[in-house]
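Asks: For reference, the structure I am asking about is given below.
The values are calculated or read from the model by the stated rules, or taken from the named source; none is laboratory data. Every value quoted in this text rests on a predicted model; they were computed, and no experiment measured them. Reconstructed Cβ throughout: ideal geometry from the backbone, glycine too, with neighbour counts over all protein chains shown. SASA here: full protein model, heavy atoms, side chains in, ligands and nucleic acids out. Shrake-Rupley method; radii C 1.70, N 1.55, O 1.52, S 1.80 Å.
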Amino acid sequence: FYFTFAGLEMSFRTFTSAFAVSSSLNLTRHQAADVLAVFYCTFAAFRAMIIPLSAFASPTLILWSSLSMLSVATVSLSIWAETSLFCLKIGVALAGAGVASIFASGMLW
């Protein structure tokens, strides 16, 4: 599970900018970097938010919530990322939020 997850996370981080530049949105490299910054900001914010939340929620609940959020992000990116910058940013933000706590919650689970 963790090898697959680490590969998914690194691939997403690596190819998000390339997708943004080469998609039909034709974003500049600066705009693509902004999209990737959305990922890293939500990743950091949700990782910081999970620390105090983990005192109240079970690791199973956090893990399933994160996987659900990542699934919603994947579906929305698959459908709308090519056509809408807003949907691309929302999907990338959901992916960053979903990825943030999977590793730690999985270790506690």
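Asks: Checking I102 against (1) open to solvent by less than 50 Å² (accessible area, probe 1.4 Å); (2) modelled with pLDDT of 90 or more; (3) among the β-branched types (V, I, T), only one condition comes out false. Which one?
Replies: (2)
Asks: Right, next: Of all the residues that make up segment 56-92, how many are among the basic types (K, R) and either assigned to a loop (DSSP other than H, G, I, E, B) or loosely packed, with under 15 Cβ neighbours inside 10 Å (or both)?
Replies: The number of residues fulfilling the criteria is 0.
Asks: What pairs come out if I take residues in segment 1-30 that are surrounded by 11 or more Cβ atoms within 10 Å (Cβ to Cβ) and pair them with residues that are small (G, A, S) and modelled with pLDDT under 90 whose C-beta lies under 8 Å away, six or more apart or interchain?
Replies: What qualifies is F5/G106.
Asks: In this structure, is L53 open to solvent by 60 Å² or more (accessible area, probe 1.4 Å), within 23 Å of L108 (Cα to Cα) and in contact with a Ser or Thr (Cβ under 9 Å, 6 or more places away or on another chain)?
Replies: So L53 passes the test.
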